[in-house]
Amino acid sequence: MDGVSLRRVEQIQAGTHARIDLDRYEENIRVLREIAGPAKTFMAVVKANAYGHGAVACAHAAARAGAEYLAVARVSEGLQLRRAGITLPILILGGPNLAQVEDAVHNNLTVSVGAVEALDAVQRAAQSSPTRPRIHLKLDTGLHRYGALEAAAVEIAERCLLDDRIELEGAYAHFSSADESTSGVTDAQIARAGQLVRKLNRMGIALKYIHLPNSAAILSERIGESNLVRAGIAGYGLSPSRETDLPARIKPVLSIWSTLTRTFTLPAGEGVSYGLTYLAEHDEQCATVPIGYGDGLPRSTSNRGWFIVNGERCVVHGRVSMDQTVVGLKSAADVGDEVTIVGDPATGAMTLDDLATMDGTINYEIATRITARVPRLYYREGIPVAWDDLLLGESSGA
Ligand SMILES: *Cc1c(COP(=O)(O)O)cnc(C)c1O
């Protein structure tokens, strides 16, 4: 990194920030690839800023780990990756913004088509596209969110057979319940997809990719006839559900850090933060940390969560506010001391799963809620190698 970047890294480390361990992300992908089987094409899902982990840096890392395909949810997310120089194929999952399909096609993004209106838009875009638009037919096999039921799938396939400007490269479906141990629903979805794909084959459609498995299905080895797998959450070292065990080699990629902005004595009988919901029974050493729900720390951690200060577990006192949180100190600490908000549970730190439990939600939501004002620092071999500041639109380039 150049001098400017080194200075920015120091600034970022001195405040609230997230650290993303790119080596771990790559290792997790390698483990998932092994589980899925080497013959399967690996699609790394980097939607929603790579589940909060930084889309561009994670996309580069996924490519290094051997991912052949990327996936995002919005056309703009795909454009972000193209502008950053990512050349891997990128699938837009779910129904595309029809007004952006032309941009998608012109930027070589693969569009999901699960309704005839999306195919109309791709066909219009094909007229002006220098390259042959690639689409994946999204099948609705029971999730009933986006996708074609049998009649629409057949209509879309027939229209593709008649239009050689368009490459129908794949067909896929998404599981409703792969994260639950009862597999009846998942088996039924696999069977339905199989029937639809065989019907398309009989119509003369040859598909390069057929794909159903998400992280939960990869981990429970319900790959079926798929020759491509789509991994999001498990790549980031997080479990798709409480019912799904992660292999020990898969470890969390993201941690959240801050530093103390104030240490003080809370006098006996005084309260702290809005509503004074914590009252000191006796004089108590406390510290203020510049993190709040405006950064993505759930307010439900008020009086329940804990941060690690100098190796000790310090409980949140009072309400988490938008920008600041107070903890009780176990021993003397100074302004500027490092704080672990989320980290390795071996250090006693909270995990994203702990936050999800406290907030009555899932780790996916906690990860994607880390806001734009939290700068991301990317590490390799324990050293920062790149950074992103989404708020300032600045990045060192991963
Ligand atoms: C988000 C998403 C995935 C990834 O799911 P994980 O549970 O994070 O692995 C796969 N497929 C589709 C269609 C998705 O929307």
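The values are calculated or read from the model by the stated rules, or taken from the named source; none is laboratory data. Just so it is clear, the model here is predicted, and its values are computed rather than measured. Here the Cβ is made from the backbone with ideal geometry for all residues, glycine too, and neighbour counts use every protein chain on show. For the accessible areas, the whole protein counts, side chains as well, though only heavy atoms, and no ligand, DNA or RNA atoms are used. Shrake-Rupley method; radii C 1.70, N 1.55, O 1.52, S 1.80 Å.
Odds and ends about this structure:
- Portion, in percent, of the accessible area of the chain that falls on carbon or sulfur, probe 1.4 Å: 50 percent
- Measuring how big the range 51-125 is from its alpha-carbon positions, Rg and Dmax come out at 12.4, 36 Å.
- With the convex hull constructed from alpha-carbon coordinates only, the range 23-160 shows a mean projected area of 8.9 nm² over all directions.
- Inter-part distance, the range 83-114 to the range 356-373, computed on C-alpha centroids, equals 27 Å.
- Rg/Rg_ref, the range 112-179, where Rg_ref = 2.2 N^0.38 Å and atoms are Cα: 1.14
- Antiparallel bridges, percent of DSSP beta bridges restricted to the chain (to nearest 5): 50 percent
- Globularity index of the range 168-223, i.e. its alpha-carbon radius of gyration over 2.2 N^0.38 Å: 1.18
- 3J(HN,Hα) couplings calculated from phi for the range 31-41 with the Karplus curve 6.51 cos²θ - 1.76 cosθ + 1.60 (θ = phi - 60°) are, in sequence order, 5, 5, 4, 4, 5, 5, x, x, 7, 7, 6 Hz; Gly and Pro show x.
- Probe 1.4 Å, all protein chains present, accessible-area order of E365, E270, largest first: E270, E365
- Relative contact order, percent, the range 215-283 [alpha-carbon distance under 8 Å, six or more residues apart]: 20 percent
- Put simply, the range 282-398 fits an ellipsoid with semi-axes of 24, 18, 14 Å; these come from the alpha carbon gyration tensor as the roots of five times its eigenvalues, largest first.
- Net charge contributed by nearby residues that have their C-beta within less than 11 Å of A65 (K/R +1, D/E -1): 0
- Pairs spanning more than 21 Å between alpha-carbon atoms, out of K208/K251; K138/K208; K40/K208: K208/K251.
- Looking at the chain, the accessible area is 43 square angstrom per residue; that uses a 1.4 Å probe and ignores ligands, DNA and RNA.
- Overall dimensions of the range 119-245 as given by Cα atoms, namely Rg and Dmax in Å: 15.8, 48
- The range 193-314: C-alpha gyration tensor shape, a/c 1.5 cut-off, then a/b vs b/c: prolate
- For the chain, the residue among T244, L143, M1 whose Cα projects farthest onto the positive side of the dipole built from Cβ charges is L143.
- Distribution of pairwise C-alpha distances over the chain, 20 Å bins, in %: 26, 50, 21, 3
- Summing Cβ point charges (Lys, Arg +1; Asp, Glu -1) relative to the Cα centre of the chain gives a dipole of roughly 960 debye.
- GNM result for the chain, Cα springs below 10 Å: residue of S181, S239, S258 fluctuating most strongly: S181
- Residue of R262, R222, R30 that the Gaussian network model of the chain assigns the largest fluctuation, springs spanning Cα pairs under 10 Å: R262
- The residues neighbouring G147, those whose beta-carbon lies less than 14 Å from its own, together hold a net charge of -1 under the Lys/Arg +1, Asp/Glu -1 convention.
- Under the combined filter of DSSP loop state and at most 10 neighbouring Cβ atoms within 10 Å, the range 136-222 retains none of its chymotrypsin sites (Phe, Trp or Tyr not before Pro).
- From the Kirkwood radius over Cα pairs of the range 92-149, Stokes-Einstein at 20 °C and 1.002 mPa s returns a whole-number translational diffusion coefficient of 190 µm²/s.
- Three-way shape label, the range 1-47, alpha-carbon gyration tensor, a/c 1.5: prolate
- Packing-based ranking of 386-392, 59-65, 126-132 yields 59-65, 386-392, 126-132, ordered from highest to lowest mean Cβ neighbour count within 10 Å.
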